[in-house]
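The values are calculated or read from the model by the stated rules, or taken from the named source; none is laboratory data. This one's a predicted model, so the numbers in the text were calculated from it and none came from an experiment. Positions of Cβ are generated from backbone atoms using ideal geometry, with glycine treated the same way; all protein chains shown enter the neighbour counts. In case anyone asks, the SASA skips ligands and DNA or RNA and just uses the protein heavy atoms, side chains included. Shrake-Rupley method; radii C 1.70, N 1.55, O 1.52, S 1.80 Å.
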Amino acid sequence: MGQRQLRAADGHTFGLYEAVPADEPRGGVVVIQEIFGVNAHIREVADSYAAEGYAALAPALFDRVERDVELGYDQAGMSRGRELAFAGLARDDALRDLQAAIEEAGKYGRVGVVGYCYGGLMTWLAACHLEGIACVSAYYGGGIANELAQTPNCPLIMHFGELDAHIPLEDVHRIREALPNTPVHVYPADHGFNCDHRGSYHAPSADTARRRTLRLFREHVG
């Protein structure tokens, strides 16, 4: 487990947190960050997938704009994170770095992708645009409802909180209507319910969503 560098197709190098199980990996999992960077929580998420037998890679997408970003969950962190994710970082560059991470994870076998918040949106876009993905699990991805003209190329599931003020249930209904064959799960929780570093953490919802994600990965990754 630790940090190293990875190179994208255009020559850009970026940080990568990698957690590899002691035994032969079942496959690879790419963990896509929230707007807060590859911080302690995202590293812990990667570690947790390594504990399940997957080689987990978390690319530092914000390195295109500012290196080694780790933000807190206060208002200042949220404001800076939104600025980096939606104003500073070009979407095509983020997808280019994700493709490099997926190809790297492919050295361990088939690849699943999981992402949270901003990473949830990027997980959806990766499923629609990138190659080498066996399946994806997208957590509370704001903006997915505005990207439904695109078509995913792999199995996927989504997770939303019914108390999430950032993603209204109307958006979730639009997603369900557009993707009738996709499991879109709604939990009695707020935005960020998977993150035990936040006040919105909801353990029962996080546990259920994780079991569903692991079931997906075991079916399609290994």
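Side notes on the structure shown:
- DSSP finds beta bridges in the chain, and of those with both partners inside it, around 35 percent are antiparallel.
- Evaluated with a Cβ-only charge set (Lys, Arg +1; Asp, Glu -1), region 7-68 carries a dipole of roughly 160 debye about its Cα centre, given to the nearest 20.
- Counting charges near ALA19 (Lys, Arg +1; Asp, Glu -1) among other residues having Cβ under 12 Å from its Cβ returns a value of -2.
- The chain, helix-only ellipticity at 222 nm - DSSP H runs n ≥ 4, -39,500 (n - 2.57), divided by all residues, nearest 500: -11000 deg cm²/dmol
- Charged-residue dipole, Cβ positions (Lys, Arg, Asp, Glu), the chain about Cα centre, Debye nearest 20: 360
- When region 28-91 is reduced to its Cα atoms, the Kirkwood hydrodynamic radius in Å: 12.1
- Region 101-222 - percent of accessible surface contributed by carbon and sulfur, probe 1.4 Å: 47
- Proximity of backbone amide H atoms, modeled 1.01 Å from N, is registered between TYR187 and PHE160, GLY161, GLU162 at under 5 Å, excluding neighbours fewer than 5 places apart on the same chain.
- Span per principal axis, largest first, for the Cα atoms of region 111-177 (Å): 33, 21, 15
- Dipole of the chain, positive direction: furthest Cα of PHE14, ALA55, ILE42, with charges on the beta-carbon: ALA55
- Simple spin-label estimate for GLU44 and ALA165 in nanometres, 7 Å along Cα-Cβ: 2.4
- Within a Gaussian network of the chain (alpha carbon springs, distance under 10 Å), most fluctuating of ALA90, ALA127, ALA209: ALA90
- The Cα atoms of region 1-47 give a gyration tensor whose axes a ≥ b ≥ c have a/c of 1.5 or more with a/b no greater than b/c, which makes the shape oblate.
- Sparse-neighbour loop sites [GluC sites (Glu not before Pro); region 117-222; at most 12 other C-beta within 10 Å; DSSP]: GLU131
- The modelled label-to-label distance between ARG174 and ALA203, using points 7 Å beyond Cα along the C-beta direction, is 3.6 nm.
- Overall, region 78-138 carries a charge dipole of about 180 debye about its Cα centre when +1 sits on the Cβ of Lys and Arg and -1 on the Cβ of Asp and Glu, all other atoms neutral.
- Dipole axis of region 118-179 (+1 Lys, Arg; -1 Asp, Glu on Cβ), positive-most option in LEU130, GLY142, HIS173: LEU130
- For the peptides 136-146, 16-26, 37-47, the ranking by packing is 136-146, 37-47, 16-26, with the highest mean count of neighbouring Cβ atoms within 10 Å listed first.
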